[in-house]
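A short worksheet on the structure shown next.
Here, each number is a calculation from the coordinates, and none is a lab measurement. Since the structure is predicted, the reported quantities are computational estimates derived from the model, not experimental observations. Cβ placement follows ideal geometry from the backbone for every residue including glycine, while neighbour counts extend to all protein chains displayed.
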Amino acid sequence: MQIFAGKWTLLIIFQINRRIIRYGELKRAIPGISEKMLIDELKFLCGKGLIKKKQYPEVPPRVEYSLTPLGEKVLPIIDEIAKFGMENL
């Protein structure tokens with residue numbers, strides 16, 4: 001459950017679920033998140049094996065994020081949390 005404790009965690013997973021996404025796109029898709037917080041959350045989620053980071057050896061640097069199979073397994077849980085929130089909050 002600690003995985004879902006972060007304020008931004010579910011939003012990040014939701015955005016990455018929609019497609020392979022670059023850092024800048026992800027930052028724009030989540031208004032209000034600071035750069036430091038986004039970087040910290042991405043590192044945390046990569047460390048837990050929920051998302052993967054792919055870096056390309058290009059100039060300027062290009063980094064893409066996507067869900068891992070483990071990350072895809074948590075999507076039904078996130079859907080249930082969202083349903084609960086809409087019905088009860």
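General observations
- Selection of helices (runs of 4 or more DSSP H) fully inside region 2-79 by the criterion of at least 3 residues being surrounded by 15 or more Cβ atoms within 10 Å (Cβ to Cβ) returns 9-18, 23-29, 35-47.
- Unique match (being under 11 Å from the mean Cα position of the chain (by Cα) and either of a type outside the set (A, V, I, L, M) or within 15 Å of L75 (Cα to Cα) (or both)) among R18, R28: R18
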